[in-house]
Amino acid sequence: MAHDAVGGGEHTGHAGMGHGAMDMAPAGIPLASGAEDRDGLELDVLHARLGPVLAHWPSGLVLRCTLQGDVIVDAEARLIDAGPSAPNPRISSRHLFVARRCDNAAGLLALAGFDDAASHARRVRDAVLKAGGTAHASRQLYRLRRMVRRSWLLRWSLRRVGPLTERDLARWHLPEHLRGDVRDRLLSMLDRAAQGLAQADGQSTHDQPAVLIEAVADLVRGWDLAAARLIVASLDLEALTADREVSRV
Amino acid sequence: MITHVAFWALAVIAVLAGAAVFIVNSMARASYSLAVSFICVGLQVLLLQQNYVGVVTILMMVMEMAIMAVYMVMFMGMNPALMPMSMVHDKRHALAVSIAVFVLLATGVLLEPWPARRGTPPDDVTAALGEELMGPKMLVMAAVGVVMAVTIVAGVVLAAHRGRYDRFGDDLRRRPARDPQPGGVGR
Amino acid sequence: MSDPSVRVVAPLWVLAAAGLLGLLVLAAAVLDGALSARAAGADVRTGLTRPIGEVARLMRQRRRVTVAADTLLWRVGGAGLLVMAMMIVTVVPLGDWTLFDLDVGVVWFNAMDVLAWAFVWLTGWGANSAYSLVGGYRFLAHGLGYELPLMFALVAPAVAASSLNVGTIAAAQQGLWFVVWMPVAFLVFCMGVLAIAVWGPFSPALGPDVAGGVSVELSGVDRLLFLSGRYALLAAGAAFAVPMFLGGGAGPLLPAWVWVLVKTLALLAVFVWLRRHLPAARPDLFMEVGWVVLLPAVLLQDLLVAGIALGRS
């Protein structure tokens, strides 16, 4: 449950922060300490954890965030239970690839509050995973891409969030398809799903390149919680296959 | 009869809620008991048939307390939901001053010979009250409102941490502006 | 001051008004359930019964307890939205009848909608959870963006009818509805209604990115009250728009009270439908739009309306 992860993270996040006297810890929760925020005001610092289990979140990823208000001033990422996931023999890797892209797009759209498109993306995912649903799925996917591309309100909401230039990509060894802002990445996610669907079954699918876990922490630093959630969702990570997102440090 | 009972009940609640501001030990509760006190006063003004003034009192005070709770929480620098804290400072002097003021005002109320009603209230009591209070100085009052708004804007501009040179660069040519997070209009 | 076209009914009719509001809430919830089920590709009928099942589930659910919660303020906030909606409906005339013929009904609506600032924030504050507090502050940030445009949107019909009484404003638009010649004010008003109901584009305070925001720790009856309060605010806002912009009970054939209900239901359906079709307007984006675009636009609208009203008199 998302609630449990959230509630637990909030309270246990304080544990281990030495505040000395217990009388400054009403109900057993130590008070927050202050620090200067990005506008030069002194603001309380809260340590909270995002993940490992949270709705529309790559499961297994844990972000330990230092929050001031709802701005993430510092973050540290790690993976729990990293290990090989058992491949599902009944579903081809190509279909899994497409389904994962659709699922990630659904998560991103849900975080952006575009519920209709999110439901649509989930239906495409289900159609892909169902045997013999490819033709139906590609029609649905075409409609979804048109819906997402045409929504000017979605463009307004996602543009200029988490921009990645060529230099940023090189710095964090990120794959080429993550260039641009969150909206560009959403469109590229759907495009790659369409490409995967159009390929013949025998053809080898490109393996999703690994994304550095440290990069995730760097990318969300300085953004507020809502934007940070959008940025993480737009990185199109593989959920539950923690072995793919390697740490090179 | 019902009006009288309601008036007195509201008066008692208003005073009690006002006292609660200094008794409760959290800033959110203090702010909102003040809001309750003001809402009661607003309803009393409604009973005095000053409908506009009464409703506007409720409107302004609720909004004000919502903002005030935010500022109190923001500037006190502690998590006040958790940390019980006293809402009174310099107790002895404050108590002396408030009792003295109360006695003075109460004496005034009791000793003042209140006039009996002459004639009937006008159709539009709000307009009549405005005329009575401000009369020929209406233009001055209207101008003061604008001056106050301008003062607020100027104060915010002067206090702003980042100016346009921080956003657009020294030659004001940088586009898009350098902001911690982009705004909604794309300036 | 009261308008002769509107009759004040006995106070006991408050119960009927509450029942009517309840029916509107149910209709809105059923419609939302059906639209959600259709979008998910499920049988629409499962969506129709979903609200009833949800009510039954929440009535039986145990209350969740959080550490060091401010229970009093939390409960007040959760139940407050429903009270707000009830207070708004009291000044809305249903055809010829009204519960409370206040001469400053428009200001009354404004005073009631400002209560959302208090109630939503208190709900977020009381639970003592970081995510619900983030949600509460998101609502206040939205409030700073939408409240002033909403206030000035309410000014336009009042100026055109030169009255703050809701019945008089409805009577002033026989022939030409205000929505026709003050569309900007109408759109901004609808936006304000969505905002006080924390609905659709204005739902980041309840966003999935903060695990439900303000409502994250709400459970059982508290959650039921909060959620039905949101629907009730949508319904009350739609009902208030009818005398303000949509001609009140004006319409052919049917009696006035039926027309008020039909228009209310139609606007309510549009509000409900919008939720799934519009992405969220995050407060950091909307703030600038509210002050830089909406406020000047609605002020220009007021100026235009004032000019026309002056020319006509």
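Of all the criteria given as (1) under 22 Å from C:Ala256 (Cβ atoms); (2) away from every other protein chain (no Cβ under 13 Å); (3) part of a helix (DSSP H, G or I), the one not satisfied by C:Val106 is (2).
Just one of A:Arg49, A:Arg100 is part of a helix (DSSP H, G or I) and at pLDDT 75 or above; which is it?
That would be A:Arg100, the only listed residue that is part of a helix (DSSP H, G or I) and at pLDDT 75 or above.
Only one of the numbered conditions (1) crowded, with 17+ Cβ neighbours inside 10 Å; (2) more than 14 Å from chain B (Cβ to nearest Cβ) is not met by A:Asp168, and that is (1).
Pairs meeting the criteria (first residue in the stretch C:99-115 and under 18 Å from C:Phe189 (Cα atoms), second residue outside any helix (DSSP H, G or I) and at pLDDT below 85, beta carbons under 8 Å, at least 6 apart or on different chains) are C:Trp108/C:Leu102. Among the conditions (1) of a type outside the set (Val, Ile, Thr); (2) within 13 Å of the chain's Cα centre (by Cα); (3) open to solvent by less than 20 Å² (accessible area, probe 1.4 Å), the only one that B:Phe38 does not satisfy is (3). Every test in (1) modelled with pLDDT of 80 or more; (2) open to solvent by less than 100 Å² (accessible area, probe 1.4 Å) is passed by B:Tyr165 save one, and that test is (2). Every listed requirement among (1) surrounded by fewer than 24 Cβ atoms within 10 Å (Cβ to Cβ); (2) assigned to a loop (DSSP other than H, G, I, E, B) is met by C:Leu218 save one, (1). Return a yes/no flag: does the stretch C:57-78 have any residue that is open to solvent by less than 10 Å² (accessible area, probe 1.4 Å), away from chain A (no Cβ under 14 Å) and within 30 Å of C:Gln301 (Cα to Cα). No: the stretch C:57-78 contains no residue that is open to solvent by less than 10 Å² (accessible area, probe 1.4 Å), away from chain A (no Cβ under 14 Å) and within 30 Å of C:Gln301 (Cα to Cα).
Evaluation of C:Ala127 against the conditions (1) facing chain B (nearest Cβ under 10 Å); (2) under 15 Å from A:Gly69 (Cα atoms); (3) open to solvent by less than 10 Å² (accessible area, probe 1.4 Å) shows that the sole unmet condition is (2).
Of all residues in the stretch C:109-124, those satisfying the criterion of being within 15 Å of the chain's Cα centre (by Cα) and either open to solvent by 10 Å² or more (accessible area, probe 1.4 Å) or more than 8 Å from chain B (Cβ to nearest Cβ) (or both) are C:Phe109, C:Asn110, C:Met112, C:Asp113, C:Leu115, C:Ala116, C:Phe119, C:Val120. Here A:Ala194, A:Ala121 are screened, and the one residue that is part of a helix (DSSP H, G or I) and buried (at least 23 other Cβ atoms within 10 Å of the Cβ) is A:Ala121. Taken together, C:Pro183, C:Pro208 contain a single residue that is open to solvent by 30 Å² or more (accessible area, probe 1.4 Å), within 12 Å of chain A (Cβ to nearest Cβ) and farther than 20 Å from C:Val25 by Cα, which is C:Pro208. Identify all residues within the stretch A:128-165 that are within 12 Å of chain C (Cβ to nearest Cβ), open to solvent by 10 Å² or more (accessible area, probe 1.4 Å), in a helix (DSSP H, G or I) and not basic (Lys, Arg); write none if there are none. Passing the criteria: A:His136, A:Gln140, A:Met147, A:Trp152, A:Leu153, A:Trp156. Of the residues making up the stretch C:231-256, those that are in contact (Cβ under 8 Å) with a residue 60 or more places away in the chain and open to solvent by 30 Å² or more (accessible area, probe 1.4 Å) are C:Tyr231, C:Pro255, C:Ala256.
The values are calculated or read from the model by the stated rules, or taken from the named source; none is laboratory data. As the structure is a computational prediction, the values presented were derived from the model and not from experiment. For neighbour counting, all protein chains shown are included, and Cβ atoms are generated from backbone atoms with ideal geometry for every residue, glycine included. Calculation scope for accessible area: heavy atoms of the full protein, side chains included, ligands and nucleic acids excluded. Shrake-Rupley method; radii C 1.70, N 1.55, O 1.52, S 1.80 Å.
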